[in-house]
Amino acid sequence: MKRIAVLTSGGDAPGMNAAIRAILDQGLHHGMEVYGVYYGYKGLVEGDFRLLSVHDVQHRLKMGGTLLYSARFPEFSQPEYQEQALTQLRKHKIDGLIVIGGDGSFQGALALTKLGFPAIGIPGTIDNDIPGTEYTIGFDSAVTVALDAIDKISDTAASHERTFVVEVMGRSAGDIAIWAGVAAGADAIIIPEDGFDMMEIVERTRSGRRSGKDHSLIILAEGVMKVDEFVTRYTTIAQEQDVRGIALSHIQRGGAPTARDRVFAQLMGAKAVDNLINGHSGIYMGIIQERLATFDIVETLKKESRSIRQDLFQLNKDLTDRDL
Ligand code: ADP
Ligand code: F6P
């Protein structure tokens, strides 16, 4: 293996740059050339390949976003675009590809593997929603950003004795809501993986007030519903007027990656290169109990369902179950 390439696809996530840097450094360590494919699968199809140097990645380890840019390119599920990508990869004499992205992006890597081209995935998404791995690059940073914002919101919520509903990202996963919600000491966490009863949520915030709290904080995962709709429904049932809603939105995808995201991104980046060299393909890197793990894309994504941290979700319920 003499030349490898790396691309980032789907939503960007803090720590992607750390993975790219490790892929370059590990590639150089093995005497290879490392190409960056810009703009995800779109750039792959259009042939936007650029030889990476240490200069390209310097100072990026500590930065959010992705230096390779990202794009959503749904056309890549069609065989003719995959063939075009294959032609580009051959034209640029690339021997293996590393795809940093979510499970959608892994399907693209799998398609190339099925066409006979070696490709490996690295989980990069703030949503933490990939089966198998307990960790995806960017999740820890997104939770940290969300928590910082929620802490600030709780200052003003307390000063006005208000109820705030904070919508966090996660697509159809509730992981950011659970971690940020528990860390912030929220009165309730609402996630798509679990149903909820609005009356029970109202009772929960009321019991918090009765027990001495001056404000209420509800963390709502975006996969449940939009915050405005939630506030309208909550207000109607609670008969409480001073309720405010805020969607943290894309600020959760920005900012410097945490130490955890930088460390695991580098570990997975370096090991993805080693796996390509050792002839592996159609797999993705992951982390289980703080250690590197590898997963088969077909076996894991098709057969395994993701589970949330039920223990943490229950912890929040227990800690806020005051006199219900
Ligand atoms: P994520 O990778 O974060 O799950 P998406 O689901 O948007 O994000 O997927 C990112 C990109 O991966 C898509 O824009 C498309 O280019 C590619 N992709 C998604 N699904 C497939 C598929 N079934 N086959 C091939 N490529 C796919
Ligand atoms: O997958 C990452 C993510 O930020 C999700 O949490 C969110 O639902 C989605 O991407 C937003 O996508 P876009 O940036 O295209 O609006």
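Each value in this text was obtained by applying a stated rule to the coordinates, not by laboratory testing. Since we're looking at a predicted model, the values are computed, not measured. Here Cβ is always computed from backbone atoms with ideal geometry, including for glycine, and neighbour counts include all displayed protein chains.
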Asserting the computed 222 nm helical MRE of the chain (DSSP H runs at least 4 long, -39500 (n - 2.57) per run, divided by residue count, to nearest 500) equals -14000 deg cm²/dmol
Hydrodynamic radius by Kirkwood for the stretch 109-211, inverse mean 1/r across distinct Cα pairs, in Å, is 15.9
So for R0 = 22 Å, FRET eff. of ARG244-SER207 from the Cβ-Cβ r, to 0.05, ends up at 0.60
From fewest to most C-beta neighbours within 10 Å, the residues TYR234, TYR39 line up as TYR39, TYR234
Highest GNM mean-square fluctuation among ILE288, ILE219, ILE20, for the chain with Cα springs under 10 Å, belongs to ILE288
Most exposed first, judged by fewest Cβ atoms within 10 angstrom, TYR81, TYR35 run TYR81, TYR35
Taking only the alpha carbons of the chain, the radius of gyration and the largest Cα-Cα distance, Dmax, both in angstrom, are 21.7, 69
Once the dipole of the chain is set up from charges on Cβ (+1 Lys and Arg, -1 Asp and Glu), the residue from the list VAL34, GLY64, GLY10 lying farthest towards its positive end is VAL34
Cα-Cα longer than 29 Å, checked against LYS62/LYS91; LYS42/LYS93; LYS91/LYS271, kept in input order, equals LYS62/LYS91
Rounded to one decimal in nm, the spacing of the 7 Å Cα→Cβ label points at ARG50 and LYS62 is 2.3
Per GNM of the chain with C-alpha springs under 10 angstrom, the most fluctuating residue out of ARG291, ARG21, ARG306 is ARG291
Length-normalised contact order of the stretch 223-298, Cα under 8 Å, at least 6 apart, in percent, tallies to 17
With +1 at each Lys and Arg Cβ and -1 at each Asp and Glu Cβ, the charge dipole magnitude of the chain around its Cα centre, to the nearest 20 debye, comes out at 940
Here the percent of antiparallel bridges among DSSP beta bridges lying wholly in the chain, to the nearest 5, is 20
